[in-house]
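K.L.:
Let me begin by handing over the structure; questions about it come next.
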Amino acid sequence: MERNTEIIRSEQSGAECLHVKHQSGLDIYIMEMEGYHSSFALFGTKYGSINTRFRVKGEDTYTEVPEGIAHYLEHKLFENEDCDAFEKYARTGANANAYTSFDRTAYLFSCSEHFAESLEILLTFVQEPYFTPENVEKEQGIIAQEIRMNDDEPGWRVFFNMLRAMYHNHPVRIDIAGTVESIRKIDADLLYKCYHTFYNLHNMTLAVAGNVKADEVLALCDKLLRPCEDQGLEQLYADEPDTIVKNYVEDTLPVGAPIFNLGFKLRPLSGMELVRAELLTSTMLEVLLGPSSRLYNEMLEEGLINSEFEADAPFTGDGYFVLSCGGETQDSEAVRDRILEEIRRAQKDGFDQESFERIKRVHYGSMIRSLSSVEANASMMLNAYMAGVSPFSSIESLAEITYEDALQFLRDEVDPDRHVLSVVHS
Amino acid sequence: MKEITQDLGHGISLTRITEPKFTTNTLMVMMLVPVVPEKNAAYALAQSLLTQSCRRYPDNASMTIRLDEMYGASLNSSLSINGGVMQILISGSVIANRYALAGEDLLGDMTDLLLGCLFDPNVRDGAFDAGEYRIQRKELLDAIDAMINNKRGYALVRARQIAFRGEPDAYLVYGTREDVEKLDPASVYEAYLDLLRRAVIRVYCVGPEPCDGLPERLQEAFGKLTDRAPEALPYEAPSKPKPAPESFTEPMEVTQSKLVLAFKGENLPYEAFRLFSAVYGGTPFSMLFSNVREKMSLCYYCASRVIAGKNTLIVDSGVELANAEKAHEAILAQLDAMRRGEFSEELLENAKHSMVNSLRGIGDTPSSCISDAYERFYRPDGADVEERVQRYLSLTREDIIAVANALTEDTVYLMQQGGVHDGT
């Protein structure tokens, strides 16, 4: 079978991987890791909870689907006509799972033997949906319990409340699993519609790392992948204003100490522009709010925060970009005020350049560290595909970003007034 | 992979594992003592004080800056209970010297830092620094209070308290609020010095570089500990089964109830007990997953796990209150089925594959290298990975049926949704 292949190298780390544009339409990434016993494989699609309105070539109107359907589909895809995919994996000993997030669904396994057999199972079951009214109905009880479990999770609740107070219309504001009510509207026909729209190989990637041989992986892909036409998928998101819905939201749940998230709504970006912005903002937030910063240590000393407080990685995707931090505190409004003051001060006077360079070093160390991990390497390649960039683009871009870039970004892109404070207390 | 273990004197050993594929060096000091519940809180405070600052880097800011300079090196501590043994870990991890952009000796720097934390802590006049103590004390009290945030974890802790009542494992590993409030900077430092005297100490170094000179540096540092009296470690601390199952219901303002069951047995062989759990509820093709979740759609999770050193199996599940009794009956029915041998040969073989798959993945992370070396140290037979694989493969369905028949229900804990927690 015809393949377009390229070797992608990281000058900074010396690591490399193979990228293949397979004739079937699938993008395949392979990293052979010498000396490792285990392997990790991810078969993912650009389909998550935000993809609720779409159409393909030849359709005049957009289809709108119930909240939580991507996650529901993930559950149901494990069930094929003859048996459950877990039963098949059980015969190889592989440890299998799947996840659905805002913008993707991925099926995965890790193993230390019988890799080829497990990869065959993965490539086969994801391409063979089997939905019936009975088996779709049966899943409702299980997923309803998953939703209830998340409802009782304070960290989940405080984060989604923040998103709902930040975004007026963008579907990032809906829960990944939907609601107990929305999943009742899901049936086999809708699942097939979503499957055939998003599980097209032109919209998917396979990323494998560890004790694998590229030739073996590609031979299995040649045998098992079913070529398909690019459907010209189009998605429609409701217009999202730059403004936020409201600055403050609170909720109650049994918690030991009140927890909070403070988030800032930024202009969404994509591609390499987003990679660069993520590096700039994560470095900048660490300088301003991280454990070595003046503000962090003052608040720690005053007992306003504890070490649970941290600046989160930028939360980004198609149409959303959120910077946030969070933790436990008895006085979330005081913490918010101190952080807003610090951001405004940094916008005006700048921040410590030496710290910026030091935190860049920390990011470099973290990227080198993750190259030892079979799972982290496979995830890195999948993430790169989803973002439409090359693997290693983060480590290569890190060397290029400067203090001046970060300060400019802080002044131009971060508006302290577009913040949301979300609190959960008992 | 090359592994060398050597004696550093005074009952302290060093295991060096050289593995060229890793991009980091990890250095870990493991201190092991018999569990004495009254001391849990002091050890919890000591381990965090030792890694948050030291004399050279006397506060969180200066310590963090030093770690940042070392390319985001990590310095961690933890404590956990395994059977009757309290395990206190102090560890550091840093990227390998070959990745240092300015040719720094990062492993040497990490060794200096870790030894500084252990032997030159932030102490004045026989007590931990008062300011740092205040911060870490608050951290610990917050962590104890926050246990309730994770409802699944909280339910497991509560079930263990009932299952192991009167035994050291019934106590919280970090102690209680009251325990913490009784301590002060001097008593915690004294507890640390006592720990250095009484603990079995094992040092592990894992990384791509052979760590030349490390044994000598460690020997010099640990050689100062002349007043040593390590205690015997009770890894097996079997829990006595109750004459009849004890039930406990705790109302809470949550939307999903949590059901936790504890089963106990006597003389459960190590591998057979773990393989039993894999068949019963430890895998996504187990009896509990296939029946209670998939066929009956009662819950999102219903899983079993072995509590090491305690001859105890825990099953936990998140269910609707209306289905809790039905789930309880279904969990017991699956155990009964296993007692009668009603599980397929294929399921047994698949569970073996799963165990073997996990075992053969050992060695791909620094932490698994250390866990494996430690397991070979404390298990009397010292079996290596391949020997353990063979033991699992040689188990028969009769071995699994025997485990099922040896287990009896001991504890039933229910976190009941819709209620109001009374704060106890």
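Values in this text are rule-based calculations from the coordinates and carry no lab data. Here the structure is a predicted model, which is why all the values come from computation and not from measurement. No Cβ is skipped: glycine too gets one built from the backbone with ideal geometry, and neighbour counts run over all protein chains shown.
K.L.:
If contacts are Cα pairs under 8 angstrom and at least 6 residues apart, what is the relative contact order of segment B:2-222 in percent? Intermediate results must be reported in sequence, preceding the final value.
P.N.:
Working: 364 pairs, mean separation 86.2, N = 221.
The value is 39 percent.
K.L.:
Within 13 Å, Cβ to Cβ, of A:Ala399, how many net charges do the neighbouring residues add up to if Lys/Arg are +1 and Asp/Glu are -1?
P.N.:
Working: positive: A:Arg276, A:Lys360, A:Arg361; negative: A:Glu11, A:Glu357, A:Glu396, A:Glu400, A:Asp405.
After counting each charged neighbour, the total is -2.
K.L.:
Per residue of A:359-370, how many C-beta atoms from partner chains lie within 10 Å of its own C-beta, taken as a mean?
P.N.:
Numbers: counts 2, 1, 7, 8, 2, 5, 16, 4, 5, 9, 12, 2.
Across the residues of A:359-370, the mean count of other-chain Cβ atoms within 10 Å is 6.
K.L.:
Follow-up. In straight Cα distance, which lysines are under 18 Å from A:Lys193, not counting same-chain residues fewer than 8 positions off?
P.N.:
Within reach: A:Lys46, A:Lys57, A:Lys76, A:Lys185.
K.L.:
Rounded to the nearest 5, what is the percent of antiparallel bridges among the DSSP beta bridges in the protein assembly as shown?
P.N.:
Numbers: 112 of 137 bridges.
Of all bridge pairs located within the protein assembly as shown, approximately 80 percent are antiparallel.
K.L.:
Just tell me which aspartates and glutamates come within less than 15 Å, Cα to Cα, of B:Lys310; anything on the same chain fewer than 8 places away is out.
P.N.:
Partners within reach: B:Glu167, B:Asp169, B:Glu236, B:Glu266, B:Glu271, B:Glu409, B:Asp410.
K.L.:
Magnitude of the Cβ-charge dipole of segment B:2-222, K/R +1 and D/E -1, about the Cα centre, nearest 20 debye? Let's see the in-between values first.
P.N.:
Numbers: 23 positive and 30 negative charges, 161 e Å.
I would put it at about 780 debye.
K.L.:
On C-alpha positions alone, give me the angle between the axis of helix A:271-289 and the longest principal axis of chain A, in degrees, nearest 10.
P.N.:
Helix A:271-289 sits roughly 40 degrees off the main axis of chain A.
K.L.:
Could you tell me the distance between the Cα centroids of segment A:49-128 and segment A:295-358, to the nearest Å?
P.N.:
Using only Cα atoms, the two centres lie 37 Å from each other.
K.L.:
Residues of A:84-93, mean number of Cβ from any other protein chain within 10 Å of their own Cβ, rounded to a whole number? Could the numbers behind the result be given before it?
P.N.:
On the way: counts 5, 1, 8, 6, 2, 7, 11, 5, 4, 12.
Counting Cβ atoms of other protein chains within 10 Å of each residue's Cβ and averaging gives 6.
K.L.:
Separate question: So if I take the centroid of the Cα atoms in segment B:222-282 and the same for segment B:1-80, what is the distance between those two points in Å?
P.N.:
Comparing the Cα centres of segment B:222-282 and segment B:1-80, I get a distance of 26 Å.
K.L.:
So what's the net charge close to B:Ala130: Lys and Arg +1, Asp and Glu -1, counting the other residues with Cβ under 11 Å from its Cβ? Present the calculation step by step, with values, prior to reporting the outcome.
P.N.:
Details: positive: B:Arg124, B:Arg134, B:Arg137; negative: B:Asp125, B:Asp129, B:Glu132, B:Asp184.
Once all neighbours under 11 Å are counted, the net charge is -1.
K.L.:
Taking the Cα centre of segment B:253-332 as origin and charging only Cβ (+1 Lys, Arg; -1 Asp, Glu), how large is the dipole, in debye to the nearest 20?
P.N.:
Values: 8 positive and 8 negative charges, 37 e Å.
Dipole about the Cα centre, nearest 20: 180 debye.
K.L.:
Quick one: grab the alpha carbon gyration tensor of segment B:1-85, order the square roots of its eigenvalues as a ≥ b ≥ c, and give me rounded if a/c is under 1.5, else prolate or oblate depending on whether a/b is larger than b/c.
P.N.:
Details: a/c = 2.05, a/b = 1.03, b/c = 2.00.
Oblate shape, in that a/c is at least 1.5 and b/c is the bigger or equal ratio.
K.L.:
Using only helices, what value at 222 nm comes out for the protein assembly as shown when you add -39,500 (n - 2.57) per DSSP H run of length 4 or more and divide by the total residues, to the nearest 500 deg cm²/dmol?
P.N.:
It comes out at -12500 deg cm²/dmol, rounded to the nearest 500.
K.L.:
Hey, which of these cross-link pairs are over 24 Å Cα-Cα: B:Lys258/B:Lys295; B:Lys138/B:Lys182; A:Lys265/B:Lys138; A:Lys21/A:Lys213?
P.N.:
Details: B:Lys258/B:Lys295 20 Å; B:Lys138/B:Lys182 13 Å; A:Lys265/B:Lys138 32 Å; A:Lys21/A:Lys213 17 Å.
Cα-Cα > 24 Å for A:Lys265/B:Lys138; rest within.
K.L.:
Please give me the summed charge of the neighbours of A:Leu269: other residues whose Cβ is under 11 Å from its Cβ, Lys and Arg +1, Asp and Glu -1. Write down the numbers at each step before the final one.
P.N.:
On the way: positive: A:Arg267, A:Arg276; negative: A:Glu273, A:Glu278, A:Asp318, A:Glu413.
Result for the neighbourhood of A:Leu269: -2.
K.L.:
Now a separate question. Report, to the nearest 10°, how far helix A:214-224 tilts away from the longest principal axis of the Cα atoms in chain A, using its own Cα long axis and a range of 0 to 90°.
P.N.:
60
K.L.:
Please list A:89-98, A:229-238, A:392-401 highest first by mean number of surrounding beta-carbon atoms within 10 Å per residue.
P.N.:
On the way: A:89-98: 21.9, A:229-238: 13.7, A:392-401: 17.9.
Packing proxy ranking, top to bottom: A:89-98, A:392-401, A:229-238.
K.L.:
Looking only at other chains, what is the average number of their beta-carbon atoms within 10 angstrom of each beta-carbon in B:252-260?
P.N.:
The shielding value for this peptide is 4.
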